[in-house]
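I have placed the structure first, in the form of structure tokens, so that the comments after it can refer back to it.
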Amino acid sequence: MCILPNRKIVAALSVAPGLVMTVVSAPAVSIAAPSGVSASPVDTDALEELFEKFGVPEAQQQVLLREAESGTPWDVYTPGPSAREAWSADGFTYTVDRFADGSFRAVGIEDPQPASPGAVTQCTVTTGSGYSNADNCQIDGVWGSVLLGAVNVDYTIVDGLPDRITDTGYGYQKCYAPTTCSSPGLVEFDDVEDDGPAFARWQSDVTAAWGSWNVWFQLNVGGDRAYQSNS
């Protein structure tokens, strides 16, 4: 296992099919709430745009905004039941866990598109005899108003041989009030599938009026597929 570096690896090639994408998610973490922290001004426009992207009903949007303004944590920030569904938006395939109040946790990978001459595409897939390369792709992790991810990520799917992460790119964050967060750092990295999938994990610290905690998201590449997991 490697810690922290970005690395380019030349993939071994063999025989067979194209890229297969899937996504998974994991339970939320619990939060310890410090005292004496006040709520931050809420970025209403950004939150409403996020709600629309992930299909939060209008009535629940208004309640969530009022709770954000008062410093009340959404259900996504506390342990509890949720309902899972597949969701597609803006060229990404997501798995979304929806909570009773309308808040959500989402995890997704950008859908690679075939490269075409003259076209500017961020995430492209090229195929050869038994392999598929996905280049310059983005992965997302979303927890309510916390958006984290990594861009310019490359990976290779090889039929019958170990799959690989060939570049971990770099992390980004868009965390809206009532939350703030640090830029995600790459904390664990294993570039080649062996006993388990190749993986890269990023982690960030999050702070809100009701507490502070950390979250992580992870790209996994193995078993001839790429998928993501998160906290």
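The values are calculated or read from the model by the stated rules, or taken from the named source; none is laboratory data. Here the structure is a predicted model, which means the values were calculated and not measured. Here Cβ is always computed from backbone atoms with ideal geometry, including for glycine, and neighbour counts include all displayed protein chains. Ligands, DNA and RNA are excluded from the accessible area calculation, which covers all protein heavy atoms including side chains. Shrake-Rupley method; radii C 1.70, N 1.55, O 1.52, S 1.80 Å.
Is it the case, given these coordinates, that residue 59 is assigned to a strand (DSSP E or B), at pLDDT 95 or above and at negative phi? Judged against the criteria, residue 59 is not a match. The residues of the range 122-147 include none that are in a loop (DSSP other than H, G, I, E, B) and either free of Cβ contacts under 8 Å to residues at least 12 places away in the same chain or among the aromatic types (Phe, Trp, Tyr) (or both). Pairs linking a residue in the range 46-63 that is closer than 20 Å to residue 84 by Cα to a residue that is open to solvent by 60 Å² or more (accessible area, probe 1.4 Å) and assigned to a loop (DSSP other than H, G, I, E, B), with Cβ atoms under 8 Å and 6 or more positions apart or on different chains, are 53/90.
The combined condition, being modelled with pLDDT under 95, hydroxyl-bearing (Ser, Thr, Tyr) and surrounded by fewer than 22 Cβ atoms within 10 Å (Cβ to Cβ), is not fulfilled by residue 82. Scanning the range 88-114 for residues that are open to solvent by 10 Å² or more (accessible area, probe 1.4 Å) and among the acidic types (Asp, Glu), we see that the one that is modelled with the highest pLDDT is 101.
Of all residues in the range 174-206, those satisfying the criterion of being over 16 Å from residue 105 (Cα atoms), without any contact (Cβ under 8 Å) to a residue 60 or more places away in the chain, outside any loop (DSSP other than H, G, I, E, B) and open to solvent by 50 Å² or more (accessible area, probe 1.4 Å) are 201, 205.
So which residues in the range 177-207 are over 17 Å from residue 221 (Cβ atoms) and among the charged types (D, E, K, R), if there are any at all?
Within the range 177-207, just 205 meets the criteria.
If the condition is being in contact with a helix residue (DSSP H, G or I) (Cβ under 6 Å, 6 or more places away or on another chain) and assigned to a loop (DSSP other than H, G, I, E, B), then the range 101-117 contributes 101, 102, 103. Hey, among the residues in the range 148-172 that are in a strand (DSSP E or B) and polar (S, T, N, Q), which one's most open to solvent (accessible area, probe 1.4 Å)? So, considering only residues that are in a strand (DSSP E or B) and polar (S, T, N, Q), the one most open to solvent (accessible area, probe 1.4 Å) is 152.
Among the residues of the range 207-231, write down those that are in a loop (DSSP other than H, G, I, E, B) and in contact with a Gly (Cβ under 7 Å, 6 or more places away or on another chain). Give the steps one after another, and end with the answer.
Residues of the range 207-231 in a loop (DSSP other than H, G, I, E, B): 209-210, 223-224, 231.
Within the range 207-231, 209, 210 qualify.
Can we say residue 24 is modelled with pLDDT under 95, assigned to a loop (DSSP other than H, G, I, E, B), open to solvent by less than 60 Å² (accessible area, probe 1.4 Å) and in contact with a helix residue (DSSP H, G or I) (Cβ under 6 Å, 6 or more places away or on another chain)? In short, no.
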